[in-house]
Amino acid sequence: MIRSLALVAFLLQLPAAIAADITVLSAGGIRPPLEELASRFQRTTSHKVALRFVGGATMKEELQKGAAFDVVVAEGNVIDEFIKSGRIAARSRADVARAGVGIGIRAGGAKPDIASVDALRRALLDAKSIAYSKEGMAGQHFVGLLERLGIANEVKPKLVATVTNEPGRATFDLVRRGEAELGVAAIATVFTTGIDVVGPIPKELQRYIDFAAATGTSAKEPQAAAAFVQFITAPAAASVFKAKAMEPAAQR
């Protein structure tokens, strides 16, 4: 009887004993759905997840500097590059979701027409100010897009560049406060409080970002890290990505 009680007590304590703290280094363009999935993962497993977001365009720099992580979520070709360098475990790699570039405005404002290339050009020329992340892949694509549209000189004075980790100065923080009329970013990040989604930019001008996830070869908690990658790429996670206008890999 005493042994049975001791066994029950041991089993009740087991989840706490195996719970782990993992660090996830992620590109900012997937932030809203990843935050929600991390919260669900914590409730489901009792593991703790520390999320750190960086601009997608600076992810390579972070990895080259030796940033610590158990899991990395980034553009697929960045993952592949660091698999070759030995920092990321090749067999852990999994496609997560795809995101395009979108535009948002302050909630309640008049939505511009961006349904065609000409309509988008007019909307950008008419806007008084436009916020974008200079570190993000979507932001860098947007700057190049202005050149393609032939309006870079006209629009440049209206641009407000933001930095991913600057508190209160993210792209849609500025739009929410009325400091920028339009915000341009990865489509998932447009879905935030106080912002109305205008929509994705036209297909002819899109830059799709394919996100992948993998564990680090130096992960301190490899089992929990692998469980997290499996969790965010499982079919059950698809609805979270779709709600933010992303295309989940699990349904492609």
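The values are calculated or read from the model by the stated rules, or taken from the named source; none is laboratory data. Values in this document were obtained by computation on a predicted structure and should not be read as measured data. Heads up, the Cβs are rebuilt from the backbone with ideal geometry, glycines too, and the neighbour counts pull from every protein chain shown.
Are any residues in region 42-80 out of contact with any helix residue (DSSP H, G or I) (no Cβ under 7 Å at 6 or more places or on another chain), more than 20 Å from I232 (Cβ to Cβ), of a type outside the set (S, T, N, Q) and in a helix (DSSP H, G or I), and if so, which ones? Selection gives E61 alone.
From the list G136, G76, the one residue that fits, being of a type outside the set (A, V, I, L, M, F, W, C), in contact (Cβ under 8 Å) with a residue 60 or more places away in the chain and buried (at least 22 other Cβ atoms within 10 Å of the Cβ), is G136.
A count restricted to region 99-130 and to residues that are crowded, with 17+ Cβ neighbours inside 10 Å and not in a loop (DSSP other than H, G, I, E, B) stands at 12. Consider L182 carefully, then state whether it is modelled with pLDDT of 95 or more and farther than 18 Å from K134 by Cβ. Here the answer is no, as L182 does not meet what is asked. The residue list A219, A161, A186 contains one member that is surrounded by fewer than 19 Cβ atoms within 10 Å (Cβ to Cβ) and among the aliphatic types (A, V, I, L, M), which is A161.
Residues that are more than 22 Å from M137 (Cα to Cα) and either in contact with a strand residue (DSSP E or B) (Cβ under 8 Å, 6 or more places away or on another chain) or among the hydroxyl-bearing types (S, T, Y) (or both) number at least 2 in the following helices (runs of 4 or more DSSP H) confined to region 167-252: 222-233, 238-242. Inspection of region 142-152 finds no residue satisfying the criterion of being part of a loop (DSSP other than H, G, I, E, B) and at pLDDT below 95.
Each row is one residue, and each column tells you yes or no for (1) at pLDDT 90 or above; (2) within 20 Å of Q223 (Cα to Cα); (3) not assigned by TED's automatic domain parsing to the domain that holds T171.
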residue	(1), (2), (3)
A16	no, yes, yes
L25	yes, yes, yes
L37	yes, yes, yes
R40	yes, yes, yes
K60	yes, no, yes
